[in-house]
Amino acid sequence: MPATSMQDLVALCKRRGFIFQGSEIYGGLQGIYDYGPMGVELKNNLKAAWWRAMVYERDDVEGLDASILTNRLVLRHSGHEATFVDPMVDCRKCKSRWRADQLKDGKCDKCGATDLTEPRPFNLMFKTTVGPVADDESFAYLRPETAQGIFTNFKNVLDATSRKLPFGIAQIGKAFRNEITPRNFIFRVREFEQMELEYFVMPGVDEQAHKDWVARRLAWWQEQGLTSNHLQLFHQPAEDLSHYSKATTDILYHFPHGVEELEGIANRTDFDLGSHSKKPEELGLSAHVLPNADSVTKLTYRDLDSNKDIVPFVIEPSAGVDRGVLAVLCEAYTEEAVGDSTRIVLKLKPHLAPIKAAVIPLARNKPELVDVAQQIKNSLQKLGLGRVLLENTGNIGKAYRRHDEIGTPLCITIDFETVEQSPASASVTVRNRDTMAQERVLVSELASYFQEFYSQT
Ligand code: GAP
């Protein structure tokens, strides 16, 4: 198990500016969180690592940023209007509301009563109205998964890039689900981000492609610092599969609250492209209320070998950004005995660390130290490796403690020796977060030291 309880982590996240409750000053909004100064950097770094691995380091993937507001017909054809539901029950005694499949022994989670209503389906999609007229037909959905924006743009991307199968379309963005019982901090929330790839292949090679993507995604999470003994694969049984899936393998992580899903890798077959190419009656749906609302585009691919239009199969690795942030925080959180005291340190992989280096003048009220610190900060910042922070609090012990807790891999201290030596021999102290070892580094060599450190991690 990771060396933390959820309470310790939540306290650290608030204290150090990673994650706050949404709308906190008004009592919050259940299942909604805001990312603070450190959280936004960590989250951006995780997303950038995913984009690098899934788009830049491959030659067969394009990116996309589709809209959140979605025409309701997209989600009608995708099957979400009919089937994206969870079973909801009410406790007759205390009137609380629960997801039936998450209750233990059929008992209310609040008062323990067993007098519950029969489960009834609750659709998780958020609705809103678009435009000035709010009636039953003018509503749209906030997307419950980023995937549909990829399917509806399949032809646009294909026409714009002339891709040949196999190829993928990657997207990172917000998704919204009106979860009945959001819980466990940022694990199950109502507004979250997904990192999704839809990888289109010829029918027939889908099962092998599915296996390959499971292995690749598991390796990627390990590169983000999750150890293999905290990760495990789960092949969903047929009765649990989503309506679009022929096979789904989940990557589970040992969170402090239990072993739960971090990412799902599904074989979505030709379900979605097929559904968006059909008329409502072909899907067993009633005709659309709006006239001429049928999709006019066949989401097919011209196979030059057979000279036929085919509907590709799709493999979908779908990861939650927020669950990823939670997992890397759980994994990194460490309490270590140092002499008589305990230090809390976030042993994040350096590429994920919110602050790449803190530049700390030894004394606050010495302009000569602060000037040099500012120059060093500016020059390291220009290297483009991420945020470098000038930490001008004048208390070196507190600064080290803070940067251990936010996971800053390197602290660079500017002292009197730095400014008294000739420019050629001026040096600084560099402290390593994990080993706490300190070494003197020439200011003239600091940029290459910094670059070298980050190229190895
Ligand atoms: N397009 C497929 C899809 O959306 P999913 O298993 O429902 O599949 C994929 O979601 C990932 O999105 C999950 O593995 C999880 O990491 C994340 N996710 C889903 N619901 C979430 C929620 N309410 N809060 C946080 N993350 C969530």
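The values are calculated or read from the model by the stated rules, or taken from the named source; none is laboratory data. Every value quoted in this text rests on a predicted model; they were computed, and no experiment measured them. Here the Cβ positions follow ideal geometry from the backbone for every residue, glycine too, while neighbour counts run over all protein chains shown.
Structure notes:
- Segment 238-265, residues that are out of contact with any Pro (no Cβ under 7 Å at 6 or more places or on another chain) and more than 10 Å from the ligand (Cβ to nearest atom): 238, 239, 240, 241, 243, 246, 247, 249, 255, 257, 258, 259
- Of all residues in segment 109-122, at least one satisfies being surrounded by 12 or more Cβ atoms within 10 Å (Cβ to Cβ), more than 23 Å from residue 173 (Cβ to Cβ) and under 26 Å from the mean Cα position of the chain (by Cα).
- Residue within segment 105-122 that is closer than 20 Å to residue 264 by Cβ, touching a strand residue (DSSP E or B) at 6+ places or on another chain (Cβ under 8 Å) and within 15 Å of the ligand (Cβ to nearest atom) present: no
- All positions within segment 266-288 that are more than 10 Å from the ligand (Cβ to nearest atom) and not in a helix (DSSP H, G or I): 267, 269, 270, 277, 278, 279, 284, 285, 286, 287, 288
- The set of residues in segment 322-353 being in contact (Cβ under 8 Å) with a residue 40 or more places away in the chain, over 17 Å from residue 222 (Cβ atoms) and either aliphatic (A, V, I, L, M) or within 16 Å of the ligand (Cβ to nearest atom) (or both) consists of 322, 338, 344, 345, 346, 353.
- For segment 163-174, filtered to residues that are within 13 Å of the ligand (Cβ to nearest atom) and surrounded by 20 or more Cβ atoms within 10 Å (Cβ to Cβ), the residue that is farthest from the chain's Cα centre (by Cα) is 169.
- Any chance residue 406 is under 30 Å from the mean Cα position of the chain (by Cα), within 30 Å of residue 9 (Cα to Cα) and among the β-branched types (Val, Ile, Thr): yes
- Apart from one condition, residue 155 fits all of (1) more than 16 Å from the ligand (Cβ to nearest atom); (2) part of a loop (DSSP other than H, G, I, E, B); (3) under 30 Å from residue 206 (Cα atoms); (4) in contact (Cβ under 8 Å) with a residue 40 or more places away in the chain; the exception is (2).
- Counted residues, segment 289-321 - those being of a type in the set (A, V, I, L, M), more than 16 Å from the ligand (Cβ to nearest atom) and in contact (Cβ under 8 Å) with a residue 40 or more places away in the chain: 6
- At least 1 residues being of a type in the set (Asp, Glu) and more than 27 Å from residue 141 (Cα to Cα) is the threshold, and among the helices (runs of 4 or more DSSP H) wholly inside segment 15-105 those reaching it are 37-51.
- The strands (runs of 3 or more DSSP E) falling completely within segment 354-457 that include 1 or more residues that are closer than 27 Å to residue 19 by Cβ and modelled with pLDDT of 95 or more map to 357-361, 388-390, 410-414, 427-432.
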